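Below is one structure, written out as structure tokens, with a few remarks after it.
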Amino acid sequence: MTRILIVGDTHVREWDEVHPALRERVRSADIAVHCGDWTGIGAVEGFRKEARRAVMVHGNSDPVHVREALPYREVFEVDGVRIGVIHPAWGREEPPPVELLPDFPEADTGGLDVIAYGHIHVPLSQVHAGVHFVNGGQGYPSFRVPGTVAWIETRGEGRFTVSIEEFAPAR
């Protein structure tokens, strides 16, 4: 079994600005995935240093130097589960998650079991068109919104479960 943390939208410049409970989850995960919107390279470097294995993409709120350091999308496989990671830059009302499929053409990616994504700040775990879409929500607590993450636990042979966890209550 592999425990994969899915988080995004932390919106911090430095690693020490990240909520302590989230930093602990990054350290405890077998693989820590960040779905973009850091806003500072110090946070990226801290995440990379703390995680056992880090997978990261940039987001629409990231400055140029972060965009140059991180890819727009990433694909990896663990225990037979193929996972795509992205932070879409939707500028209008968010379309359904299935609209992310064109960003991962099967000819380029080999097909996916999961697409983990950021941007909407809302935790989500849904299956569409045979792909499990996962959004960890918001990587920090705010006035009315708790800090949340998602976990993917692989079971071998391409099997997995997804859960959403609140790590910090809304303020």
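What follows draws every value from the coordinates through simple rules; no lab data is involved. From a predicted model like this one, the values you see are computed outputs, not experimental measurements. Neighbour counts run over all protein chains shown; Cβ positions are idealised from the backbone, glycine included.
Points worth noting:
- Normalised by the number of residues in the chain, the mean separation of alpha-carbon contacts (under 8 Å, six or more apart) gives a relative contact order of 23 percent.
- Considering only Pro20, Pro102, Pro123, the mean-square fluctuation computed in a Gaussian network model of the chain, springs between alpha carbons under 10 angstrom, is largest for Pro102.
- Centre separation in Å (Cα based) which lies between the range 38-98 and the range 1-32: 12 Å
- Helix-only arithmetic for the chain: the sum of -39500 (n - 2.57) across DSSP H runs with n ≥ 4, divided by the residue total, places the mean residue ellipticity at 222 nm at -4500 deg cm²/dmol.
- Listed residues His11, Ala51, Val131: farthest to the positive end of the dipole of the range 3-168 (Cβ charges): Ala51
- Residue of Gly118, Gly147, Gly156 that the Gaussian network model of the chain assigns the largest fluctuation, springs spanning Cα pairs under 10 Å: Gly156
- Charged side chains reduced to their Cβ positions (Lys and Arg at +1, Asp and Glu at -1) give the range 3-168 a dipole of some 300 debye around its Cα centre.
- Beta bridges by DSSP in the chain, antiparallel share as percent, to the nearest 5: 60 percent
- Choice from Asp37, Asp79, Asp62 with maximal GNM fluctuation in the chain (Cα, 10 Å cutoff): Asp79
- Sorting Trp15, Trp38, Trp90 from the fewest to the most surrounding beta carbons within 10 angstrom yields Trp90, Trp15, Trp38.
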